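Chemist: Questions regarding the structure given below will be posed in turn.
The values are calculated or read from the model by the stated rules, or taken from the named source; none is laboratory data. All of these numbers come straight from a predicted model, not from anything done at the bench. Heads up, the Cβs are rebuilt from the backbone with ideal geometry, glycines too, and the neighbour counts pull from every protein chain shown. In case anyone asks, the SASA skips ligands and DNA or RNA and just uses the protein heavy atoms, side chains included. Shrake-Rupley method; radii C 1.70, N 1.55, O 1.52, S 1.80 Å.
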Amino acid sequence: MSQNNALFTYTLRLADDLLILSQRLGEWCGHGPILEEDIALTNRALDHLGEARNLLTYAGQVEGKGRSEDNLAYLRMERQFTNVKLMEQPNGDYAHTMVRSFLFDAYHLPLMQALLKSSDEQLAAIAGKAVKEATYHLRASSEWIIRFGDGTEESHQRAQTALDDLWTYTGELFEIDPVLEEMTKAGIAPDITAIKESWSKTVDQVLAEATLKRPADAFMMTGGRKGLHSEHMGFILAEMQHVTRAYPGVEW
Amino acid sequence: MTDVKNLDDIFQAKIDAEQKIEPKDWMPDAYRKNLIRQISQHAHSEVVGMLPEGNWITRAPSLKRKAILLAKVQDEAGHGLYLYSAVETMGVSREQTIDDLLSGKAKYSSIFNYPTLTWADIGAIGWLVDGAAIMNQVMLCRTSYGPYARAMVRICKEESFHQRQGYEIMAVLAKGSPEQKEMAQDALNRWWWPSLMMFGPTDANSPHSAQSMKWKIKRQSNDELRQIFIDRTVQQAEVIGLTIPDPELKWNEETKHYDWGTIDWTEFNNVVAGNGPCNKERLAARNKAHNEGAWVREAAVAYAAKKAKRKAA
């Protein structure tokens with residue numbers, strides 16, 4: 001694989017995680033548990049979408065085949081999406097939504113901080129914009145995990161269930177494959193084991209304060225980076241892409 | 001002791017002198033009730049209005065449009081928040097105000113009981129529904145109750161952006177493919193008359209209008225605002241090549257206004273009475289969000305209490 005191909009794939013992975021999570025969070029709009037949270041969730045969706053758009057545009061430039069952000073978002077099929085399966089999991093109750101975001105935020109922030117030093121100027125610049133938002137996202141989701149864990153019996157139970165349900169999807173965030181190896185070697189991607197250490201530390205700290213139990217690292221799901229998704233993915237794309245695909249080649 | 005008659009006179013003199021009424025000022029009960037009704041309806045409209053537009057967030061046809069729509073619906077939630085706070089300045093808690101919406105006791109703008117069927121509806125809502133709302137809201141920036149007037153200043157800035165983005169969606173569709181233009185025209189056909197209904201009953205049939213004008217809560221009548229809206233919007237439709245669905249629409253050289261057809265008030269009354277296409281769905285969605293969010297709000301309260309107790313210990 002040429003370095004350009006690897007950079008395209010790597011950038012697309014970063015973009016797809018954010019795009020699909022944003023799409024899921026967008027489903028909440030108008031249905032949040034309280035007006036302030038409706039606003040916060042939409043903000044989160046908007047931040048992720050903004051970052052995804054920068055990354056998709058850049059991926060299209062790296063690929064050099066004239067694909068735009070919309071082309072990449074709306075005209076790829078399930079097998080061509082490279083997000084981790086955690087992002088496509090259904091919203092469930094608010095505990096599932098917040099735990100999903102927390103597990104991602106605790107990875108996303110140190111990743112963006114490390115990407116600031118990427119040898120790829122464009123990725124470093126995109127990370128520069130993202131760090132501030134990612135800091136806020138992690139603070140907000142951590143606070144909810146603590147409130148749930150140390151709130152009522154019901155909220156504690158719901159948070160623990162969400163954590164147990166979603167834990168199996170966290171291994172994928174730290175998978176190493178030839179693309180990542182090549183990017184790390186080139187100084188474009190940071191060392192993922194360091195990101196994992198930071199993630200693990202944050203998770204331990206927050207769960208301890210929340211009086212929640214960290215699930216054991218049993219079986220970890222895999223496949224998303226290779227385009228092997230859950231059955232949810234087809235429906236996410238059907239919904240997201242149907243108007244654009246029904247009227248090919250027009251402006252919106 | 002000052003008698004009530006005198007207080008009423010002082011109050012009206014203040015209004016006539018264009019001074020704002022503030023939360024701690026004395027005000028007639030009827031003024032307070034009228035405002036609580038109006039501001040809470042307005043707040044509910046912002047919040048219920050998130051539903052028809054939120055309906056298209058996951059399906060917006062480009063990422064740019066998706067981002068704009070997310071931001072817009074988020075603005076509406078923010079407007080709901082300011083307005084619930086404005087109601088609180090009149091001594092009614094947000095919980096109480098929201099309970100009245102959820103039980104069906106309080107009303108919200110009937111326009112949101114119509115469905116958003118195609119992407120062009122998002123354009124039509126911005127252009128027509130927000131456009132009609134702005135007519136009222138610009139006037140409300142000068143309303144006599146201070147907190148309401150101040151909330152409206154910020155809301156108006158955002159609404160005018162909403163209106164422009166809606167018009168721009170329609171403009172792009174109208175100059176797009178024949179299917180896109182048809183989609184835009186169909187949306188205009190469906191949203192035009194309900195948008196005119198947003199200004200409320202004719203002046204002759206508006207139960208609250210006269211008193212509201214005297215108190216300067218309202219400053220222009222329903223019919224006046226409706227006419228300004230029509231005059232502006234007809235020209236905007238012409239610019240992008242769409243046709244207003246009113247065969248009686250005609251420029252009147254004498255009045256310098258457009259003459260136009262007749263609103264179907266039976267439809268209006270039906271939707272207000274709960275028989276619109278989406279009344280049940282909208283209220284059900286708000287109740288579902290509220291009920292499913294109960295444990296989240298309880299957890300936040302319980303945690304805050306525990307934290308305060310630990311701090312005190």
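Chemist: What's the total number of residues in segment A:148-158 that are in contact (Cβ under 8 Å) with a residue 40 or more places away in the chain and assigned to a helix (DSSP H, G or I)?
Modeler: Selection size over segment A:148-158: 5.
Chemist: Mind checking which residues of segment A:26-57 are at the interface with chain B (Cβ under 8 Å from one of its Cβ atoms) and within 21 Å of A:Glu121 (Cβ to Cβ)?
Modeler: A:Gly50, A:Ala52, A:Arg53, A:Leu56
Chemist: For segment B:103-132, name all the residues that are hydrophobic (A, V, I, L, M, F, W, C) and open to solvent by 20 Å² or more (accessible area, probe 1.4 Å).
Modeler: Answer for segment B:103-132, where residues must be hydrophobic (A, V, I, L, M, F, W, C) and open to solvent by 20 Å² or more (accessible area, probe 1.4 Å): B:Ala106, B:Phe112, B:Leu117.
Chemist: Something else now. Among what's in segment A:58-85 and is part of a loop (DSSP other than H, G, I, E, B) and crowded, with 20+ Cβ neighbours inside 10 Å, pick the residue that is farthest from the other protein chains (Cβ to nearest Cβ).
Modeler: A:Val84
Chemist: Being within 14 Å of chain A (Cβ to nearest Cβ) and open to solvent by less than 10 Å² (accessible area, probe 1.4 Å) is the filter; apply it to segment B:140-173 and report the residue that is nearest to B:Met27 (Cα to Cα).
Modeler: Applying the filter and picking the extreme gives B:Gly166.
Chemist: Could you figure out which of (1) closer than 24 Å to A:Leu237 by Cβ; (2) more than 14 Å from chain B (Cβ to nearest Cβ) isn't true of A:Leu111?
Modeler: Among (1) closer than 24 Å to A:Leu237 by Cβ; (2) more than 14 Å from chain B (Cβ to nearest Cβ), the lone unmet condition for A:Leu111 is (1).
Chemist: I need a count of the residues in segment A:162-192 that are closer than 17 Å to A:Leu116 by Cα and hydroxyl-bearing (Ser, Thr, Tyr).
Modeler: 1
Chemist: Being open to solvent by 10 Å² or more (accessible area, probe 1.4 Å) and either part of a loop (DSSP other than H, G, I, E, B) or touching a Phe, Trp or Tyr at 6+ places or on another chain (Cβ under 9 Å) (or both) is the filter here, so list the residues in segment B:33-45 that pass it.
Modeler: Of everything in segment B:33-45, those that are open to solvent by 10 Å² or more (accessible area, probe 1.4 Å) and either part of a loop (DSSP other than H, G, I, E, B) or touching a Phe, Trp or Tyr at 6+ places or on another chain (Cβ under 9 Å) (or both) turn out to be B:Asn34, B:Gln38, B:Ser40, B:Gln41, B:His42, B:Ser45.
Chemist: Would you be able to tell me the number of residues in segment B:37-80 that are under 24 Å from B:Gln180 (Cα atoms) and more than 7 Å from chain A (Cβ to nearest Cβ)?
Modeler: Adding up the residues that qualify gives 9.
Per-residue answers, yes or no, for (1) surrounded by fewer than 19 Cβ atoms within 10 Å (Cβ to Cβ); (2) touching a strand residue (DSSP E or B) at 6+ places or on another chain (Cβ under 6 Å); (3) not basic (Lys, Arg):
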{"position": "A:Ala106", "(1), (2), (3)": "no, no, yes"}
{"position": "A:Leu111", "(1), (2), (3)": "no, no, yes"}
{"position": "A:Gly128", "(1), (2), (3)": "yes, no, yes"}
{"position": "A:Glu133", "(1), (2), (3)": "no, no, yes"}
{"position": "A:Arg139", "(1), (2), (3)": "yes, no, no"}
{"position": "A:Ile145", "(1), (2), (3)": "no, no, yes"}
{"position": "A:Gly149", "(1), (2), (3)": "no, no, yes"}
{"position": "A:Glu154", "(1), (2), (3)": "yes, no, yes"}
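Chemist: Being within 14 Å of chain A (Cβ to nearest Cβ) and assigned to a loop (DSSP other than H, G, I, E, B) is true for just one of B:Tyr108, B:Tyr84. Which residue is that?
Modeler: Exactly one of B:Tyr108, B:Tyr84 is within 14 Å of chain A (Cβ to nearest Cβ) and assigned to a loop (DSSP other than H, G, I, E, B), namely B:Tyr108.
Chemist: May I ask you to list the residues in segment A:39-94 that are β-branched (Val, Ile, Thr) and under 30 Å from B:His290 (Cβ atoms)?
Modeler: A:Ile39, A:Thr42
Chemist: Here's a follow-up. Taking A:Leu109 as the residue in question, decide whether it is of a type outside the set (Asp, Glu) and touching a Gly at 6+ places or on another chain (Cβ under 8 Å).
Modeler: no
Chemist: Being under 18 Å from A:Phe174 (Cα atoms) and not hydrophobic (A, V, I, L, M, F, W, C) narrows it down to one of A:Lys117, A:Lys85, so name that one.
Modeler: Only one candidate passes the filter, namely A:Lys85.
Chemist: Another one. From the list B:Ala67, B:Ala124, B:Ala120, which residue is under 16 Å from the mean Cα position of the chain (by Cα) and either within 28 Å of B:Glu22 (Cα to Cα) or among the small types (Gly, Ala, Ser) (or both)?
Modeler: Selected residue: B:Ala124, the only one of B:Ala67, B:Ala124, B:Ala120 that is under 16 Å from the mean Cα position of the chain (by Cα) and either within 28 Å of B:Glu22 (Cα to Cα) or among the small types (Gly, Ala, Ser) (or both).
Chemist: Filter segment B:240-252 for residues that are surrounded by 14 or more Cβ atoms within 10 Å (Cβ to Cβ) and either touching a Phe, Trp or Tyr at 6+ places or on another chain (Cβ under 9 Å) or over 22 Å from B:Ile125 (Cα atoms) (or both) and give the result.
Modeler: Those that are surrounded by 14 or more Cβ atoms within 10 Å (Cβ to Cβ) and either touching a Phe, Trp or Tyr at 6+ places or on another chain (Cβ under 9 Å) or over 22 Å from B:Ile125 (Cα atoms) (or both): B:Ile240, B:Ile244, B:Pro245, B:Asp246, B:Leu249.
Chemist: Being free of Cβ contacts under 8 Å to residues at least 40 places away in the same chain and under 16 Å from A:Arg13 (Cβ atoms) is the filter; apply it to segment A:175-190 and report the residue that is surrounded by the most Cβ atoms within 10 Å (Cβ to Cβ).
Modeler: A:Thr184
Chemist: Please specify each residue of segment B:71-102 satisfying the condition of being within 17 Å of the chain's Cα centre (by Cα), in contact (Cβ under 8 Å) with a residue 40 or more places away in the chain and open to solvent by 20 Å² or more (accessible area, probe 1.4 Å).
Modeler: Selection gives B:Asp75, B:Tyr82, B:Ser85, B:Ile98.
Chemist: Looking only at segment B:187-239, count how many residues are among the charged types (D, E, K, R) and open to solvent by 50 Å² or more (accessible area, probe 1.4 Å).
Modeler: So the count comes out to 8.
Chemist: Another one. Please work out if B:Gly176 is within 14 Å of chain A (Cβ to nearest Cβ), not in a helix (DSSP H, G or I) and not β-branched (Val, Ile, Thr).
Modeler: Yes; evaluated as a whole, the condition is true for this residue.
Chemist: Run down A:Thr168, A:Thr161, A:Thr202 and say which single residue is without any contact (Cβ under 8 Å) to a residue 60 or more places away in the chain and β-branched (Val, Ile, Thr).
Modeler: Only one candidate qualifies: A:Thr168.
Chemist: For segment A:210-231, does any single residue satisfy the condition of being over 30 Å from B:Lys64 (Cα atoms) and in a helix (DSSP H, G or I)?
Modeler: For segment A:210-231, residues over 30 Å from B:Lys64 (Cα atoms) and in a helix (DSSP H, G or I): present.
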